[in-house]
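These notes are about the structure you will find just below.
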Amino acid sequence: MSAELPLLSLLIWLPIAGGVWVLTQSKDSEDALLVRPIALTIAVLTFLFSLPLFFSFDITTASMQFEEKLPWIQALNTYYHLGVDGISMPLILLTTFITPLVILSAWEVIKNRPAQYMAAFLIMEGLMNGVFAALDAMLFYVFWEAMLVPMFIIIGVWGGANRIYASLKFFLYTLLGSVLMLVALLYMYNQSGGQFSILSFHQLNLSSTAQTLIFLAFLAAFAVKVPMWPVHTWLPDAHVEAPTGGSVVLAAIMLKMGTYGFLRFSLPITPQASHELAWFIILLSLIAVVYIGFVALVQQDMKKLIAYSSISHMGFVTLGFFIMFAILQNTQSKDIAAMGIEGAMIQMISHGFISGALFLCVGVLYDRLHSREISTYGGVANTMPRFAMFVVLFAMANAGLPGTSGFVGEFMVILSSFQANFWIAFLASTTLILGAAYTLWMIKRVIYGSIADDKMETVGRLTDINARETFILAILALAVLFFGIWPAPLQEVMHVSVMNLIEHVTRSQ
Amino acid sequence: MNVPMSELYVLLPEIFVLVMACVILLVSVYIPEQLRELNYQLAQLTVIGAAVFTLGNSTGSTVVVMNSMFIHDPMSIVLKAFIYLITFTVFLYSRQYLQDRDLYKGEYFVLSLYAMLGMQIMVSACHFLTLYLGLELLSLSLYAMVAMQRDSQQATEAAMKYFILGALASGMLLYGISMLYGITGTLELQKLSAVIAEGNIDNKLLVFGLVFIIVGLAFKLGAVPFHMWLPDVYQGAPTAVTLFISAAPKLAAFSLLMRFLVDGLSGLHSDWQAILIILSILSMGLGNIVAIAQTNIKRMLAYSAISHAGYLMLGILTATKDGYTASMFYTIVYALMSMGSFGVILLLSRAGFEAERLDDFKGLNERNPWYAFIMMILMLSMAGLPPMLGFWAKWSVLNQIVLSGFVWLAVLAVIFSVIGAFYYLRVIKLMYFDKPESTEAIVANADMRIAISLNGLGILALGLFPQMLFQICSKVF
């Protein structure tokens with residue numbers, strides 16, 4: 001462990017400070033190209049600083065690593081307490097990995113106030129790292145809420161035609177969920193004798209009614225973020241209206257915060273209520289997987305289609321978490337339960353790559369023809385062969401093709417679900433068909449075929465992706481393939497923490 | 001009447017302000033037009049002087065003087081300190097606005113100082129008479145200030161409305177006081193509290209008096225259903241006066257509640273708790289919902305003030321020391337935020353142009369990104385979003401009601417705050433997402449620019465490190 005350098009603080013404050021600095025550059029250099037390299041350098045630096053998290057991570061312990069603890073507000077007994085375990089570390093890496101790509105993707109595309117755009121993403125990166133690293137509930141909450149502001153601005157300023165509706169809906173929806181969580185946190189603060197340490201919340205002995213209410217309050221916050229059916233309606237709006245970068249961050253990282261919340265708060269703090277209400281979450285997850293899968297099938301707008309596909313895939317993640325209880329009951333095997341949770345977590349990371357990549361691909365098309373409608377395109381492969389290769393790869397990954405990272409997580413979740421209940425596993429497996437159907441059908445309509453006569457002027461004149469775009473997509477393609485072929489490093493990192501979580505949940509029931 | 005010098009020394013800030021207000025009144029009559037700056041300088045000097053005297057005598061112990069009419073305790077010191085700070089800043093913010101509108105006269109400063117004196121007396125009162133005197137001094141000065149723009153029809157109407165309803169409320173308050181006096185035979189708050197604690201008096205009679213008093217207090221605070229005057233006054237008064245009304249008097253109103261309900265009638269807390277819960281829910285609900293429908297930003301902020309009055313009462317109604325601390329923290333934070341928001345409105349106003357429509361904020365980010373940023377901080381803080389200071393204010397009152405077992409009330413409060421978030425976000429939306437209607441540059445004096453920046457950044461910085469302010473407030477009770 002390299003405890004010398006406060007790595008986590010660096011990962012939070014370097015991008016934020018960098019973002020503020022970029023913001024101050026905006027005055028007289030509105031069109032100066034300098035802000036872009038500066039922003040990119042900061043993002044890449046942050047990524048480099050996050051690498052030691054992975055390489056000097058101790059995979060034999062479930063306790064928090066790289067811990068930092070300083071008194072923050074003594075009057076309230078809150079601490080600036082950071083630390084990561086196998087659950088949060090991969091998500092921080094995902095954040096620092098995606099952000100430079102997002103900034104790179106906006107390079108020539110964003111012409112309106114580029115400095116503010118870059119700054120918003122950098123600040124958001126820092127805040128998101130803060131959410132994953134915080135071990136103090138108040139610190140967590142502050143990062144969690146503060147993050148809404150840059151996203152609100154990103155959607156509202158650089159978004160599409162209906163951006164104002166989408167940004168307000170996004171903000172208020174998420175806010176409503178999180179304020180209920182705040183009340184739950186305050187309740188636990190008073191129950192635990194006035195402390196906010198998340199780890200001490202894990203040790204609380206709560207009555208079963210209190211557990212149920214707290215579980216529901218957390219559910220309100222996390223279900224909106226994931227998003228789970230039926231509180232998912234903000235997501236398609238937000239995705240469709242957000243600029244490409246906003247959609248990427250939203251899908252790749254922000255949705256993961258909800259599922260991360262389940263692992264960090266709901267399951268360990270309210271194990272009993274989680275057990276009792278697991279059927280409910282599983283039901284919602286299956287509705288997300290199956291019903292939203294069908295909804296995705298009929299979308300005319302590419303971004304909307306990917307947004308619905310995200311909801312459907314995130315249903316898998318929540319399914320993987322909460323199927324644990326049934327598995328434990330049926331088989332008593334913690335290893336199989338762990339497989340479900342690990343599969344769900346791999347799905348989180350993999351979905352980060354795949355959905356991010358797909359949104360970037362839509363962005364590439366949108367930059368050229370300013371349309372997201374599937375019907376605008378057709379036969380893109382004829383004019384953009386290099387691009388088509390990437391899109392098809394990511395589409396295959398989205399459909400869960402073996403050899404891509406999309407396969408690993410889904411397969412693990414389905415496999416473990418069979419130990420719980422055949423019908424749950426059966427319904428979950430339909431995603432392999434549905435996912436393939438809606439993704440490949442979109443690919444067929446957009447990429448393949450010959451260019452229709454009336455589209456000669458538009459699709460016929462498309463230029464293939466340039467070096468910058470190729471670079472971004474290639475990196476993501478590598479990540480998708482790498483974790484598809486060799487997911488072991490990811491699983492190793494998580495394993496001990498997940499086992500510890502399962503131990504904790506079974507012990508405190 | 002023989003008053004020893006040591007007692008007068010406690011009263012020094014009040015005496016000083018009174019003398020200086022009279023001096024400015026005289027000076028402003030005789031100085032020529034071009035020396036008007038002198039009024040402003042003298043007024044600022046008065047505020048600074050009062051602050052020096054008050055803080056110079058802050059021993060941390062409680063002193064009661066003037067035949068137990070005047071109390072000098074930690075709460076009064078902290079509240080006075082913030083009243084001075086706010087009045088000082090208000091003068092600073094209003095200067096340009098007043099100059100542009102030919103209101104830059106002695107009267108504004110004299111009336112403001114009298115109002116400040118009224119607040120000082122209210123904050124330090126421990127006797128029904130002093131409380132009432134302070135309140136009337138404040139109210140009468142404010143009525144006149146609202147009407148100061150003589151040829152503005154709107155302002156005159158607002159002043160009349162304010163005056164008539166205000167007089168009615170004062171009457172209610174007096175009626176309640178007289179009833180309590182009739183029952184208990186004392187006007188001193190501490191004695192009253194002791195008499196009630198003995199328990200020899202019929203509770204029904206006391207509650208009867210209490211209800212009248214709460215009606216009067218609710219009116220002054222602007223709590224629903226006694227809020228009718230507030231939107232009209234906020235909108236009708238010259239913005240510089242609205243700025244003044246919206247900030248410092250909230251602190252005084254808080255102390256009014258504390259003195260009456262806690263110092264005097266703490267024996268009846270289960271009765272006033274129930275009433276405050278209703279007032280608070282109505283205020284949070286109506287304030288936040290009606291604010292959505294407003295197109296005038298001053299009026300919108302008036303409804304926001306109503307909703308904030310609801311949140312402010314949440315801490316008091318727990319009837320615990322920590323609850324009072326939380327409410328005081330809330331009030332101070334609210335006053336600072338409100339001051340900043342009206343400051344930005346003043347900043348956007350020019351000679352012959354009142355920036356009072358919400359649409360005047362359109363595209364502010366393109367005209368001046370810095371002020372847009374400051375306004376964004378203030379609006380987010382009002383909405384109670386971390387990491388702004390307003391979040392900790394909401395946090396502390398919510399924490400107290402959860403601690404007292406009113407979890408349902410906390411849930412209700414946060415849901416109303418989400419509803420409220422909408423109209424604050426709309427201001428951000430207008431500033432950042434829309435195109436500006438005018439491209440005129442925003443000009444302001446250096447001192448104004450610095451003050452407003454400090455105000456905004458202070459809300460952010462104190463939000464990141466609220467420890468100091470928490471400590472100040474928790475030492476009081």
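Return a yes/no flag: does the stretch B:446-467 have any residue that is part of a loop (DSSP other than H, G, I, E, B), within 13 Å of another protein chain (Cβ to nearest Cβ), open to solvent by 40 Å² or more (accessible area, probe 1.4 Å) and at pLDDT 90 or above.
Taking every residue of the stretch B:446-467 in turn, at least one turns out to be part of a loop (DSSP other than H, G, I, E, B), within 13 Å of another protein chain (Cβ to nearest Cβ), open to solvent by 40 Å² or more (accessible area, probe 1.4 Å) and at pLDDT 90 or above.
Hey, among A:M188, A:M254, which residue is within 13 Å of chain B (Cβ to nearest Cβ), assigned to a helix (DSSP H, G or I) and in contact (Cβ under 8 Å) with a residue 12 or more places away in the chain?
Just one listed residue meets the conditions, A:M188.
Would you confirm whether any residue within the stretch B:361-368 is over 24 Å from A:N77 (Cβ atoms), facing another protein chain (nearest Cβ under 10 Å) and in contact with a Phe, Trp or Tyr (Cβ under 7 Å, 6 or more places away or on another chain)?
For the stretch B:361-368, residues over 24 Å from A:N77 (Cβ atoms), facing another protein chain (nearest Cβ under 10 Å) and in contact with a Phe, Trp or Tyr (Cβ under 7 Å, 6 or more places away or on another chain): present.
Okay, residues lined up against (1) open to solvent by 10 Å² or more (accessible area, probe 1.4 Å); (2) modelled with pLDDT under 90:
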{"residue": "B:Y303", "(1), (2)": "yes, no"}
{"residue": "B:S307", "(1), (2)": "no, no"}
{"residue": "B:G310", "(1), (2)": "no, no"}
{"residue": "B:L314", "(1), (2)": "no, no"}
{"residue": "B:G323", "(1), (2)": "no, no"}
{"residue": "B:V333", "(1), (2)": "no, no"}
{"residue": "B:S338", "(1), (2)": "no, no"}
{"residue": "B:A351", "(1), (2)": "yes, yes"}
{"residue": "B:E354", "(1), (2)": "yes, yes"}
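For the stretch B:385-395, what are the residues that are at the interface with another protein chain (Cβ under 9 Å from one of its Cβ atoms), in contact (Cβ under 8 Å) with a residue 12 or more places away in the chain and open to solvent by less than 10 Å² (accessible area, probe 1.4 Å)?
Once the filter is applied, which keeps residues that are at the interface with another protein chain (Cβ under 9 Å from one of its Cβ atoms), in contact (Cβ under 8 Å) with a residue 12 or more places away in the chain and open to solvent by less than 10 Å² (accessible area, probe 1.4 Å), the stretch B:385-395 yields B:L385, B:P386, B:F391, B:W392.
Can you tell me how many residues within the stretch B:359-384 are in a loop (DSSP other than H, G, I, E, B) and buried (at least 24 other Cβ atoms within 10 Å of the Cβ)?
Summing the residues that are in a loop (DSSP other than H, G, I, E, B) and buried (at least 24 other Cβ atoms within 10 Å of the Cβ) in the stretch B:359-384 gives 1.
So, B:L346, is that one in contact with a helix residue (DSSP H, G or I) (Cβ under 9 Å, 6 or more places away or on another chain), outside any loop (DSSP other than H, G, I, E, B) and within 13 Å of another protein chain (Cβ to nearest Cβ) or not?
So B:L346 fails the test.
Let me spell it out: the conditions are (1) of a type outside the set (F, W, Y); (2) open to solvent by 60 Å² or more (accessible area, probe 1.4 Å); (3) part of a helix (DSSP H, G or I), and B:T130 meets all of them except one. Which number is the exception?
(2)
Would you mind telling me which numbered condition in (1) within 20 Å of A:V248 (Cα to Cα); (2) more than 11 Å from chain B (Cβ to nearest Cβ); (3) not in a helix (DSSP H, G or I); (4) not β-branched (V, I, T) A:N112 fails?
Among (1) within 20 Å of A:V248 (Cα to Cα); (2) more than 11 Å from chain B (Cβ to nearest Cβ); (3) not in a helix (DSSP H, G or I); (4) not β-branched (V, I, T), A:N112 violates only (2).
Can you tell me which residue in the stretch B:58-83 is surrounded by the fewest Cβ atoms within 10 Å (Cβ to Cβ), limited to those that are part of a helix (DSSP H, G or I) and touching a Ser or Thr at 6+ places or on another chain (Cβ under 6 Å)?
B:I77
Any chance you could count how many residues in the stretch A:192-206 are open to solvent by 60 Å² or more (accessible area, probe 1.4 Å) and either modelled with pLDDT under 85 or under 12 Å from A:S508 (Cα atoms) (or both)?
So the answer is 3.
Any idea how many residues of the stretch B:403-418 are at the interface with chain A (Cβ under 7 Å from one of its Cβ atoms), more than 23 Å from A:L172 (Cα to Cα) and open to solvent by less than 50 Å² (accessible area, probe 1.4 Å)?
0
With (1) at pLDDT below 90; (2) crowded, with 23+ Cβ neighbours inside 10 Å as the list, and A:Q272 as the residue in question, which single condition is left unmet?
A:Q272 satisfies all of (1) at pLDDT below 90; (2) crowded, with 23+ Cβ neighbours inside 10 Å except (2).
Restricting attention to the stretch A:233-253, report how many residues are closer than 24 Å to A:G343 by Cβ and surrounded by fewer than 24 Cβ atoms within 10 Å (Cβ to Cβ).
Looking only at that region, the number is 1.
May I ask you to list the residues in the stretch A:335-387 that are charged (D, E, K, R) and in a helix (DSSP H, G or I)?
Those that are charged (D, E, K, R) and in a helix (DSSP H, G or I): A:D335, A:E342, A:D367, A:R368, A:R386.
Given the conditions (1) modelled with pLDDT under 90; (2) of a type outside the set (S, T, Y); (3) more than 29 Å from B:L389 (Cα to Cα), and given that A:N77 satisfies all but one, which numbered condition is not satisfied?
Every listed condition holds for A:N77 apart from (3).
Among the residues of the stretch A:461-509, which ones are outside any helix (DSSP H, G or I) and either in contact (Cβ under 8 Å) with a residue 40 or more places away in the chain or not hydrophobic (A, V, I, L, M, F, W, C) (or both)?
Selection gives A:L462, A:T463, A:D464, A:I465, A:N466, A:P487, A:S508, A:Q509.
Mind telling me which of the residues A:T174, A:T212 ends up being touching a residue at least 24 places away in the same chain (Cβ under 8 Å), part of a helix (DSSP H, G or I) and open to solvent by less than 20 Å² (accessible area, probe 1.4 Å)?
So the residue among A:T174, A:T212 that is touching a residue at least 24 places away in the same chain (Cβ under 8 Å), part of a helix (DSSP H, G or I) and open to solvent by less than 20 Å² (accessible area, probe 1.4 Å) is A:T174.
Could you check how many residues of the stretch B:428-441 are part of a helix (DSSP H, G or I) and more than 12 Å from every other protein chain (Cβ to nearest Cβ)?
Residues in the stretch B:428-441 being part of a helix (DSSP H, G or I) and more than 12 Å from every other protein chain (Cβ to nearest Cβ): 0 in total.
In a helix (DSSP H, G or I), away from chain A (no Cβ under 14 Å) and either free of Cβ contacts under 8 Å to residues at least 60 places away in the same chain or more than 29 Å from B:D447 (Cα to Cα) (or both): is that true of B:S327 in this structure?
In short, yes.
List the residue pairs whose Cβ atoms are under 7 Å apart, where the first residue sits in the stretch A:72-85 and is under 22 Å from B:V476 (Cα atoms), the second is crowded, with 24+ Cβ neighbours inside 10 Å and of a type in the set (F, W, Y), and the two are 6 or more positions apart or on different chains.
Qualifying pairs under 7 Å: A:N77/A:F196; A:T78/A:F196.
A quick yes/no check of all residues on (1) more than 25 Å from B:F53 (Cβ to Cβ); (2) in contact with a Pro (Cβ under 8 Å, 6 or more places away or on another chain); (3) of a type in the set (D, E); (4) open to solvent by 10 Å² or more (accessible area, probe 1.4 Å):
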{"site": "B:G106", "(1), (2), (3), (4)": "no, no, no, no"}
{"site": "B:E157", "(1), (2), (3), (4)": "yes, no, yes, yes"}
{"site": "B:M160", "(1), (2), (3), (4)": "yes, no, no, yes"}
{"site": "B:L174", "(1), (2), (3), (4)": "yes, no, no, yes"}
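Confirm whether A:A488 is out of contact with any Phe, Trp or Tyr (no Cβ under 8 Å at 6 or more places or on another chain), surrounded by fewer than 18 Cβ atoms within 10 Å (Cβ to Cβ), small (G, A, S) and at pLDDT 90 or above.
The answer is no for A:A488.
Just need a number here: residues in the stretch A:69-92 that are more than 14 Å from chain B (Cβ to nearest Cβ) and either aromatic (F, W, Y) or open to solvent by less than 30 Å² (accessible area, probe 1.4 Å) (or both).
Count: 12.
Anything in the stretch A:127-183 that is under 18 Å from A:Y79 (Cβ atoms), among the aromatic types (F, W, Y) and more than 7 Å from chain B (Cβ to nearest Cβ)? List them, or say none.
Across the stretch A:127-183, the qualifying residues are A:F132, A:F140, A:F143, A:W144.
Of all residues in the stretch B:1-41, which are crowded, with 19+ Cβ neighbours inside 10 Å, out of contact with any strand residue (DSSP E or B) (no Cβ under 7 Å at 6 or more places or on another chain) and under 19 Å from B:I83 (Cα atoms)?
Correct list: B:P13, B:E14, B:V17, B:M20, B:A21, B:Y40.
The values are calculated or read from the model by the stated rules, or taken from the named source; none is laboratory data. Everything numeric here is computed off the predicted structure, so don't read it as measured data. Neighbour counts are summed over all protein chains in view; Cβ atoms, including those assigned to glycine, are modelled from backbone coordinates with ideal geometry. Protein only, heavy atoms only, side chains kept; ligands, DNA and RNA dropped before computing areas. Shrake-Rupley method; radii C 1.70, N 1.55, O 1.52, S 1.80 Å.
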